[in-house]
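Chemist: Below you'll find the structure I mean.
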Amino acid sequence: MKVTGTDAMWGGRFEASPSEFTQVFGASLPVDQRMWRADIAGSVAHSAMLGKQGVISQEDVDAIHKGLEAIGKRIEAGEFEFDINDEDIHMSIERNLTEAIGAAGGRLHTGRSRNDQVATDAHLHCKGLAQELIGLVNDLRAALLEVADANFGVVMPGYTHMQKAQPVLFSHHLLAYYWMFTRDCTRLTAARDAADCMPLGSAALAGTTFPLDRAFTAEQLGFAGVYPNSMDAVSDRDFLLDLSYACSVTMMHLSRLCEEIIYWSSDEFRFIRLSDAYSTGSSIMPQKKNPDFAELIRGKTGRVYGDLVQLLTVMKALPLAYNKDMQEDKEGVFDAVDTLGDSLVVMTGMIRTMTVNADRMRAGAHGGFMAATDLADYLVGKGMPFRDAHAVVGKLVLDCEKAGKTLQELTVADLQAADPLFDEGAVEAVDIDQVVAKRTTQGGTGHDAVKAQLELAKQRLAADQA
Ligand code: ARG
């Protein structure tokens, strides 16, 4: 049976139907059918509330619940036939229900509009999506901690402007990402909480004449509260923007890690080797092993940003209350959530299985005169103002560069020729492990500071997982 305009559930006042083409154009079913669980849960709670308030009979409530349960089973088993002519998941389930149970099905929509229904479904569904993403972000955080722990003591060059700057512990570098993903967890939690508010009971925009108990429905559905304003309730899509933004920032963090993974695994760096399971070959160059999946996550970041901008643009300048534009609200968010979820799974596997080349990292830490600040600090310790010390060591670096020497190759005599304040201790000061260990400030790369940071990170993860 084709349900077209005149025989649609809203068809009473219509004499002509949209064309088949227009019908499909106006449908959101392919996008919103994944909210079927939320839609059924919402209808179960709404009808239970209508029964409790004496708006519909208990027999009707029972029939509705049985009918919805049967539909849920059919959808779950893949036996439910979605018909694009139903427009959306709400119409689809309601029509099937009414076909199955008759008049009781027709009473389900009492005191409800699709406007508060779709908003409620989206809130419920997105609460769940945000929670799933939080779990996946926490898996990645756990993987970063494992690798940071297992490679404690490995020294690598730290960069600014992609030029060698100062040596750091590899664990410290990974922990920087850990904290980024920790903030993502906070952002996703805020997005989840933004969705934890129920629009249902607002009806089309103005509330309804039926004596609804919104608090009861909210409790049935596990919402923390209800929207205080019915017009805001049906028009608000901030919670979707929050989720989309949280996804965008997390993707941005992933893309930065991807970028590092890509150059770390290049032949010029060889700091890490990706597992074969997270690499691909070339169809022409037999020797190739490409970090495809890191590149792909980096690339997919663009589409997640696009999803955010799309929704911001849909919502811009929309008058109150519901406008059909808002049907365009879910596809991008679902895409952002799917893309981020998959990317997190891939990244977690990639991090867990990569091989760390500690020797290459250490070798890299010897180049680039990365102990220069420490030599300057050494002179400061002997009483020289820092600016003067900076100039002395700058000149020393220039001389070394011309002579093709590293700072570690200089003798005490070489150093004293640059400035008489240098002595034996200065040779020790340029030792790479010393350079790292001496950065004892809280949050610095010194071994003890990183140990404390690792401990803090573990505690924070455990708290976030609880
Ligand atoms: N399919 C619509 C959507 O996803 C449901 C709400 C329709 N409401 C309306 N008044 N036409 O936004």
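Chemist: Considering each of E260, E219, E268 in turn, give the residue that is of a type in the set (D, E), under 17 Å from V346 (Cα atoms) and either assigned to a helix (DSSP H, G or I) or out of contact with any Leu (no Cβ under 7 Å at 6 or more places or on another chain) (or both).
Modeler: The conditions single out E260.
Chemist: Among the helices (runs of 4 or more DSSP H) lying completely within region 77-152, list those that include at least 1 residues that are within 16 Å of the ligand (Cβ to nearest atom), of a type outside the set (F, W, Y) and more than 19 Å from A195 (Cβ to Cβ).
Modeler: 89-101
Chemist: Of the numbered conditions (1) within 28 Å of T120 (Cα to Cα); (2) of a type in the set (A, V, I, L, M); (3) without any contact (Cβ under 8 Å) to a residue 40 or more places away in the chain; (4) not in a helix (DSSP H, G or I), I284 fails exactly one; give the number of that condition.
Modeler: Evaluating I284 over (1) within 28 Å of T120 (Cα to Cα); (2) of a type in the set (A, V, I, L, M); (3) without any contact (Cβ under 8 Å) to a residue 40 or more places away in the chain; (4) not in a helix (DSSP H, G or I) leaves (1) as the failure.
Chemist: Scan T313, T348 and give me the residue that is surrounded by fewer than 18 Cβ atoms within 10 Å (Cβ to Cβ) and of a type in the set (V, I, T).
Modeler: T313
Chemist: Mind telling me which of the residues G306, G332, G341 ends up being crowded, with 21+ Cβ neighbours inside 10 Å and within 30 Å of D116 (Cα to Cα)?
Modeler: None of the others qualify; the one that does is G332.
Chemist: Return yes when D307 is in contact (Cβ under 8 Å) with a residue 60 or more places away in the chain, charged (D, E, K, R), farther than 19 Å from D139 by Cβ and assigned to a helix (DSSP H, G or I) and no when it is not.
Modeler: Here the answer is yes, as D307 does meet what is asked.
Chemist: Please work out which residue is farthest from the ligand (Cβ to nearest atom), limiting yourself to region 310-335 and to residues that are more than 22 Å from N229 (Cα to Cα) and of a type in the set (D, E).
Modeler: D335
Chemist: Looking for something touching a residue at least 40 places away in the same chain (Cβ under 8 Å), touching a Ser or Thr at 6+ places or on another chain (Cβ under 7 Å), more than 25 Å from L169 (Cβ to Cβ) and of a type outside the set (V, I, T) - is there at least one such residue anywhere in region 368-383?
Modeler: no
Chemist: Considering only residues that are modelled with pLDDT of 95 or more, more than 15 Å from the ligand (Cβ to nearest atom) and of a type in the set (D, E, K, R), which ones fall in region 12-63?
Modeler: Correct list: R37, K52, E59, D60, D62.
Chemist: Another question, if that's okay. Condition first: closer than 19 Å to A148 by Cα, out of contact with any Leu (no Cβ under 7 Å at 6 or more places or on another chain), touching a residue at least 24 places away in the same chain (Cβ under 8 Å) and assigned to a helix (DSSP H, G or I). Can you find one or more residues in region 417-429 that meet it?
Modeler: No, every residue in region 417-429 fails to be closer than 19 Å to A148 by Cα, out of contact with any Leu (no Cβ under 7 Å at 6 or more places or on another chain), touching a residue at least 24 places away in the same chain (Cβ under 8 Å) and assigned to a helix (DSSP H, G or I).
Chemist: For the subset of region 56-78 comprising residues that are more than 37 Å from the chain's Cα centre (by Cα) and β-branched (V, I, T), which member is nearest to I101 (Cα to Cα)?
Modeler: I64
Chemist: Consider L296 carefully, then state whether it is part of a helix (DSSP H, G or I), within 25 Å of the chain's Cα centre (by Cα) and closer than 30 Å to R114 by Cα.
Modeler: Considered against the rule, which asks whether it is part of a helix (DSSP H, G or I), within 25 Å of the chain's Cα centre (by Cα) and closer than 30 Å to R114 by Cα, L296 comes out as no.
Chemist: Looking at (1) within 16 Å of the ligand (Cβ to nearest atom); (2) in a helix (DSSP H, G or I), which is the one condition that is false for A70?
Modeler: (1)
Chemist: Consider only pairs whose beta carbons are under 8 Å apart and that are at least six residues apart or on different chains; among these, list those whose first residue lies in region 77-89 and is on the phi < 0 side of the Ramachandran plot and whose second residue is away from the ligand (no atom under 16 Å from the Cβ) and modelled with pLDDT of 95 or more.
Modeler: F80/I71; F80/R74; F80/N96
Chemist: When you check A224 against the structure, is it over 21 Å from D329 (Cα atoms) and of a type in the set (A, V, I, L, M), yes or no?
Modeler: So A224 fits the description; yes.
The values are calculated or read from the model by the stated rules, or taken from the named source; none is laboratory data. Please read these numbers as outputs of a predicted model, since none were measured by experiment. FYI the Cβ positions are ideal-geometry reconstructions off the backbone, even for glycines, and counts take in every protein chain you see.
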